[in-house]
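*Asks:* Shown below is the structure under consideration.
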Ligand SMILES: Cc1ncc(COP(=O)(O)O)c(C=O)c1O
């Protein structure tokens, strides 16, 4: 049996994805294919390192050390060709907590912050929760692929005196891995208008063949000084429950502001097991990751081919990375609330509502393919059967 073939019972593990099905979908029969974690075991060396750490038996205050930083810088250099200084790294329990802290410390109440919609729903809340305003640069969908409207990007920045731009790269939910050319254009506009770039690169390691993740801050010196990057091994190695992530900031003054904010929130240590997991994953997880990305790409083709051949009503937007498929369901001709209802009550699959990513997501749903093949097959069977019952 291959390392990703085993269907592992997750119910009863306090899993958000599996144990909250009833809460979110009001039906225990619904197959969860929503929240972004995987139904795969983390690489064996990570479990072994954790087991050894647990056997030690003492879980007092723990602090990442120089070795942790070296492991992170090695990973970024090896995987992404991005050479950073160890001193640029700070830690946080998650990218979302980091975004909250960055917004609170580096913008003012009433400031405008730009995002590219449809996008990961917390991007809206981290802005609004602190009395800042969301400015939307809607992505353009040309019926095949999503693109950036650069004129609108610059206009919106000028019109609203935008102070910060939160980039999602690779992009959740549309699956784009932004090219160097696209990144350069965005960086150039932000640098010229003094817009601080916050780059959420949590999906950076989950990129398919023929695509390359380019960290925004790796473009050039000016962009590096004007960018704060949020990263984590949690999506890559299925460690979300470990609550470990880091923030990379080249600019010294910005780092000082962030240090103050992080300290004010009592965030200067990390979860003991989170540190162990991060170190083991980055040191020994690469081969596993290569296999994983191949598998995810094959799952994408499987879902896309079957939905195309067997329903012709649901199209998968070709992803360049992530394990989240953006399904174009517009040909089903449902109002969004009926589309949601249909997936939940008729197909009995738990997907993310496209509209939760912004109004551009009307007619779309998001499906998570990071699960063993039998789960993916079951999910597609359910959707195909329900669509075919409509006809
Ligand atoms: C783009 C993006 N950012 C952040 C997160 C969550 O990050 P964390 O769990 O580290 O807060 C997710 C999770 O799906 C995500 O897709």
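The values are calculated or read from the model by the stated rules, or taken from the named source; none is laboratory data. In this text the structure is predicted, and so the values were computed from the model without any measurement. A quick note on method: Cβ atoms are made from the backbone with ideal geometry, for glycine too, and the neighbour counts reach across all protein chains shown.
*Asks:* For residue 160, all conditions in the list (1) touching a helix residue (DSSP H, G or I) at 6+ places or on another chain (Cβ under 8 Å); (2) over 24 Å from residue 255 (Cα atoms) hold save one; what is the number of the exception?
*Replies:* Here residue 160 clears every test but (1).
*Asks:* Looking at segment 320-331, is at least one residue farther than 25 Å from residue 142 by Cα and not in a helix (DSSP H, G or I)? Outline the logic, then answer.
*Replies:* Restricting attention to segment 320-331, the residues satisfying the condition of being farther than 25 Å from residue 142 by Cα are none.
Among the residues of segment 320-331, not one is farther than 25 Å from residue 142 by Cα and not in a helix (DSSP H, G or I), which makes the answer no.
*Asks:* Select, from 139, 114, 99, the only residue that is crowded, with 18+ Cβ neighbours inside 10 Å, within 15 Å of the ligand (Cβ to nearest atom) and within 30 Å of residue 330 (Cα to Cα).
*Replies:* The conditions single out 139.
*Asks:* Pull up segment 182-199, narrow it to residues that are part of a loop (DSSP other than H, G, I, E, B) and under 16 Å from residue 148 (Cβ atoms), then point me to the one that is nearest to the ligand (Cβ to nearest atom).
*Replies:* So the residue we want is 195.
*Asks:* Identify, please: which residue in segment 224-246 is in contact with a strand residue (DSSP E or B) (Cβ under 7 Å, 6 or more places away or on another chain) and over 17 Å from residue 276 (Cα atoms) and is, among those, nearest to the ligand (Cβ to nearest atom)? Before you say what the answer is, go through the steps one by one.
*Replies:* We begin by selecting, within segment 224-246, every residue in contact with a strand residue (DSSP E or B) (Cβ under 7 Å, 6 or more places away or on another chain); these are 226-232, 234, 245-246.
Filter once more, so that each one left must be over 17 Å from residue 276 (Cα atoms): 226-230.
On the way: 226: 20, 227: 16, 228: 14, 229: 12, 230: 7 Å.
The qualifying residue nearest to the ligand (Cβ to nearest atom) is 230.
*Asks:* Name the helices (runs of 4 or more DSSP H) wholly within segment 21-86 that hold at least 3 residues that are touching a helix residue (DSSP H, G or I) at 6+ places or on another chain (Cβ under 9 Å)?
*Replies:* Correct list: 44-56, 66-80.
*Asks:* Can you find, within segment 79-96, the residue that is surrounded by the most Cβ atoms within 10 Å (Cβ to Cβ) among those that are within 12 Å of the ligand (Cβ to nearest atom) and touching a residue at least 40 places away in the same chain (Cβ under 8 Å)?
*Replies:* 92
*Asks:* Only one of 147, 100 is within 19 Å of the chain's Cα centre (by Cα) and free of Cβ contacts under 8 Å to residues at least 24 places away in the same chain. Can you tell me which? Spell out the reasoning first.
*Replies:* Values: 100 fails: free of Cβ contacts under 8 Å to residues at least 24 places away in the same chain.
Only one candidate qualifies: 147.
*Asks:* Moving to a separate point now. Just to check your reading of the model, which residue among 258, 219, 273 is more than 13 Å from the ligand (Cβ to nearest atom), modelled with pLDDT of 95 or more and farther than 27 Å from residue 119 by Cα?
*Replies:* Answer to the selection: 273.
*Asks:* Just give me the residues in segment 163-173 being in contact with a helix residue (DSSP H, G or I) (Cβ under 9 Å, 6 or more places away or on another chain) and under 23 Å from residue 207 (Cα atoms), in sequence order.
*Replies:* 165, 166, 167, 168, 169, 172, 173, listed by residue number.
*Asks:* Only one of 46, 30, 54, 21 is buried (at least 19 other Cβ atoms within 10 Å of the Cβ), closer than 26 Å to residue 281 by Cα and more than 16 Å from the ligand (Cβ to nearest atom). Can you tell me which?
*Replies:* Working: 30 fails: closer than 26 Å to residue 281 by Cα; 54 fails: buried (at least 19 other Cβ atoms within 10 Å of the Cβ); 21 fails: closer than 26 Å to residue 281 by Cα.
Of 46, 30, 54, 21, the one residue that is buried (at least 19 other Cβ atoms within 10 Å of the Cβ), closer than 26 Å to residue 281 by Cα and more than 16 Å from the ligand (Cβ to nearest atom) is 46.
One line per residue, one yes/no per condition, for (1) assigned by TED's automatic domain parsing to the domain that holds residue 100; (2) under 23 Å from residue 191 (Cα atoms); (3) surrounded by fewer than 15 Cβ atoms within 10 Å (Cβ to Cβ):
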| site | (1), (2), (3) |
| --- | --- |
| 205 | yes, no, no |
| 220 | yes, yes, yes |
| 237 | yes, no, no |
| 269 | yes, no, yes |
| 300 | no, no, no |
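*Asks:* If you check 275, 202, 228, which single one turns out to be touching a residue at least 12 places away in the same chain (Cβ under 8 Å), within 18 Å of residue 106 (Cα to Cα) and either assigned to a helix (DSSP H, G or I) or touching a helix residue (DSSP H, G or I) at 6+ places or on another chain (Cβ under 8 Å) (or both)?
*Replies:* None of the other options fit; the residue is 228.
*Asks:* Looking at 341, 306, 382, which one is outside the structural domain of residue 177 (by TED's automatic domain parsing), crowded, with 19+ Cβ neighbours inside 10 Å, more than 25 Å from the chain's Cα centre (by Cα) and not in a strand (DSSP E or B)?
*Replies:* 382
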